[in-house]
Amino acid sequence: MRLLALALLSVLSALAGEPEALAISASIQSRHLPFGTLLDPFYASPTSSEITGYTRCGDSALWTGHYLAAEAFRFRVTASPDALANATRALQGLEGLVDITGNDSLARCRLALNSPFSAGVEREEAANGVFRNPALGYSWVGNLSRDQYLGVFFGLSVAYEQIPTLRPSIRPLATRLANFLVASNWSNPNFSIRPDQQLAILQIARQINPDRFTPIYEAERSRLADFVSLPVAFDSLSTSSYFKFNLIYISFYSLIRLESSPTKATYERAYSIARRYTANHENPFFNLIDRALSVPDPRRDAESLELLDLWLKRSRRDFYVDRRAEVRVCADQACDPIPVDLRTPTDFLWQRSPFQLSGGGSGTIGNAGVDYILPYWMARYYGLIPSLGVPSTTAPEAIVSLYGPMPASPRVEIQGRPAQIFFASASQINLLVPAATTPGPTTIEVLSDGPILTAQTTVQTVAPSVFTLNAAGLAAAIATSGPAFACPNLCQPVPISLPSALSLYATGVRRGRQTSATIGGLSAPVLYSGPQPSFLGLDQVNLDIPLALRGRGLVEIRLAVDGIPANPVTVSIQ
């Protein structure tokens, strides 16, 4: 048991922060950037990890811009060198999409001429036009849409604001792209950029290169600002072509935030049309943009975090789903937003209609996960997850994790007593609450050579908290047969064969007098509740799993100590 607990504790130290977001970033770097910009891999089979090709080149520029924004928010929150490296690579990929065309326009994607994966993408994108640049060693796909430009400028704006060290590279790239669009009069044979989108791009261009683009923006603002509401109002008549709302939100994110003139009220009125139409669509990305453009809204902000948790329950492959038998149907779509974890697979979930009943493929395309990490890091940046996050309650001898930008060589004090630190990084500290800490409202202080960081909590005799391995609530637990989880990349449940006992790993339990538990709604005998003697602060609760749960699959465990409930967790029963 000691070896299993040691393995578990090492997993907890690695995953107790923002594991899913970091794992998604690592996956994108290793599997979704074969030529520098975002593509999704084809796998040999639904269960294989062997990559046999790539797809979704058509929107590669768009989603690379969103990915750049995600890593920029992550860098601002954590100061992570990894986030800076990832953002730099995404920016270099976008530079490659401009260099390859030879005229400062944008390519949809570029493909290495010597890659075995290029031919398949070229066949898939033949209708958009495939061109070759032997001097650079790449082919590229043309027939650009406005979507690509808007996504790229969105990413450039966020990265320019959040990562100052990248500004010398962002400025010439944004200038080249904006110059091309101005010179082409905002149109080409394939698209025409409408007033709200044109002004958004110029707003970003003047943010990045004010000397060049402020006069152009101000002239176009005078000419076009009164017309920005018209296309938004038309788009807000129906959910058809739902991706249009993603373009509206990313356009107004910059258009409103960066505006200081009285015209801002005009932009806000236009934005409010789309917001009123989509506010109940259960879309955390749109909610986070609304958080940036308006005032704190506890209901909206809580919903955003709940929806992100549901995203983590989704398959990362494109398995076909049909929800017509599971939800209320009105004509050809759901009557209400389909729960996030049940929605159809796609490249970026928040640009797909939440009312779409069916869709997907054969489970051989891997989704990148930008639709999780972008709103997640925005939630961190905008304070939905506090900058110095701490549980609202804790207990003496409990393990506590603090989240937020942390100083180098930190020290922590609670009620004037030094707390033992198990783990410290730029964004997280794991510590032990001193045994002599007394109950009541308490300030936790993070000390260093710089400013003191503080957070408020309430100390109780018990504050039960069961360790989880992902935001979907997978329990850090060991059954008689071994760990009830596997974490090759993202942690997943391992089904438990019955009969079996189950050990939950927790903290804040040891000073309790009575522990009760249910598994799948059935009362579960508590065999032991107290310290796990191998590690400071780690508690263990042993349960006997009722045999009636055989075959139930994923079940919820609810634990209470002295009547105080712990966080619900899940395991899978075979």
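Coordinate-derived values only; no laboratory data. As the structure is a computational prediction, the values presented were derived from the model and not from experiment. Every residue, glycine among them, receives a Cβ derived from its backbone with ideal geometry; neighbour counts consider all protein chains shown.
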| request: Kindly give the semi-axes, whole Å and largest first, of the ellipsoid equivalent to the chain, taking each as the square root of 5 times a Cα gyration tensor eigenvalue. | output: 44, 28, 23
| Using a Förster distance of 51 Å, how high is the FRET efficiency between Gln514 and Gln492, based on the Cβ-Cβ distance and rounded to 0.05? | 0.95
| said: Report the gain in length on full extension from Cys335 to Glu303: 0.36 nm times residue separation, minus Cα-Cα distance, nm rounded to one decimal. | reply: 9.6 nm
| request: Compute the acute angle (0 to 90°) between the alpha-carbon long axis of helix 146-162 and the principal axis of greatest extent of the alpha-carbon atoms of the chain; round to the nearest 10°. | output: 60
| query | For Ile452 and Ser30, what does the FRET efficiency come to when R0 = 56 Å and r is the distance between their Cβ atoms, rounded to the nearest 0.05? | reply | 0.90
| query | In nanometres, what is the gap between the two model label sites at Asp322 and Phe234, each 7 Å from Cα along Cα-to-Cβ? | reply | 3.6
| field | Helix 370-381 axis, angle to the chain major axis (alpha carbon atoms, nearest 10°) | value | 70
| task | Could you tell me which of rounded, prolate or oblate describes the stretch 312-455, using a ≥ b ≥ c as the square roots of the eigenvalues of the alpha-carbon gyration tensor, with rounded for a/c under 1.5 and, failing that, prolate when a/b is larger than b/c and oblate otherwise? | result | prolate
| said: Let me make sure I get this right: for the stretch 29-156, a, b and c are the square roots of the gyration tensor eigenvalues over alpha carbons, sorted descending. Under 1.5 in a/c it's rounded, otherwise prolate if a/b > b/c, else oblate. Which is it? | reply: oblate
| Taking the C-alpha atoms of the stretch 393-459, how large are the radius of gyration and the largest Cα-Cα span, Dmax, in Å? | 10.9, 30
| the stretch 251-302: which trypsin sites (Lys or Arg not before Pro) are DSSP loop and have at most 12 other beta-carbon atoms within 10 angstrom? | none
| field | At R0 = 22 Å, FRET efficiency that the Cβ-Cβ distance of Ala560 and Arg411 yields, to 0.05 | value | 0.05
| task | Measure off 7 Å from each Cα along the Cα-to-Cβ vector at Asp226 and Ala435, then give the distance between these two points in nanometres to one decimal. | result | 7.7
| task | Specify the angular offset, from 0 to 90 degrees and rounded to the nearest 10, of the alpha carbon long axis of helix 298-311 from the longest principal axis of the alpha carbons in the chain. | result | 90
| query | Where in the stretch 216-298 are there GluC sites (Glu not before Pro) that are in a DSSP coil and have at most 13 other Cβ atoms within 10 angstrom of their Cβ? | reply | none
| note | Under the rule rounded for a/c under 1.5, else prolate if a/b exceeds b/c, else oblate, using alpha carbon gyration tensor axes a ≥ b ≥ c, the stretch 465-573 is classed as oblate
| request: For Leu136 paired with Gln420, estimate the spin-label separation in nm (one decimal), with each label point 7 Å from Cα along the Cα-to-Cβ line. | output: 5.7
| remark: Contour minus Cα-Cα span, Leu536 to Lys313, at 0.36 nm per residue, comes to 77.1 nm
